Amino acid sequence: MEARPGLAWVLLLSFIADCLKLIQPRDFTVKDIIYLHPSKTQYCYTRHKMNAKGDSSSVTKRCVSLKDCLSLGCTQPDHEGYKICTSCCEGTICNLPLPRNTSQAVFATLSPINQTTRQSLHSAVTLTCISLLLLLVE
């Protein structure tokens, strides 16, 4: 069998590029949040009201249950120009930063989404890389 290192490298790089697409961060869905935290654990909640210039008008911080963390994000400015961003988090003093936009108005947890999916992906990547490297060596 003739070795084709160029082809093996192309396959390896395209596989790695595909894997990187798979492990990009994503937003939590309501299903993810309920799956991760089915108990009535308390979370830190922040409600930030801003004027049209982005200056803070009011800030509310308190402990809430999971159901209060399912509707987060930012509202469109109302008729007076005020926008409200809400976020939740888990952990000691985790809600110090104020949410000012949609990317900051999130539910942040300490637990990973799904540990078994990550482990199986790493195993598949490792096995494929070893196979492709063996092709290069031949």
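In this structure, does residue 66 turn out to be farther than 20 Å from residue 84 by Cβ, crowded, with 16+ Cβ neighbours inside 10 Å and modelled with pLDDT under 70?
Spelling it out, it is not the case that residue 66 is farther than 20 Å from residue 84 by Cβ, crowded, with 16+ Cβ neighbours inside 10 Å and modelled with pLDDT under 70.
Just to be sure before I move on: is residue 121 surrounded by 12 or more Cβ atoms within 10 Å (Cβ to Cβ) and modelled with pLDDT of 90 or more in the structure I sent? Give the steps one after another, and end with the answer.
On the way: surrounded by 12 or more Cβ atoms within 10 Å (Cβ to Cβ): yes; modelled with pLDDT of 90 or more: no.
No.
Quick test of your reading of the structure: residue 37 fulfils all but one of (1) of a type outside the set (Val, Ile, Thr); (2) touching an Asp or Glu at 6+ places or on another chain (Cβ under 9 Å); (3) at pLDDT 80 or above. Name the failing condition by number.
(3)
May I ask you to list the residues in the stretch 69-87 that are assigned to a strand (DSSP E or B), more than 18 Å from the chain's Cα centre (by Cα) and surrounded by fewer than 19 Cβ atoms within 10 Å (Cβ to Cβ)?
Passing the criteria: only 83.
Could you check the stretch 45-59 and list, in sequence order, the residues that are under 15 Å from residue 78 (Cβ atoms) and buried (at least 16 other Cβ atoms within 10 Å of the Cβ)?
47, 48, 49, 50
Give me the pairs: first residue in the stretch 73-102 and free of Cβ contacts under 8 Å to residues at least 24 places away in the same chain and more than 24 Å from residue 42 (Cβ to Cβ), second residue of a type outside the set (D, E, K, R) and in a strand (DSSP E or B), beta-carbon distance under 8 Å, and six or more apart or on different chains, which are they?
Every condition considered, the pairs that remain are 75/84; 75/85.
Looking at (1) aromatic (Phe, Trp, Tyr); (2) closer than 15 Å to residue 106 by Cβ; (3) modelled with pLDDT of 90 or more, which one does residue 82 not meet, given that it meets all the others?
(2)
The values are calculated or read from the model by the stated rules, or taken from the named source; none is laboratory data. Quick caveat, the model's predicted, so the values are computed rather than measured. Cβ atoms come from the backbone with ideal geometry, glycine included; neighbour counts cover every protein chain shown.
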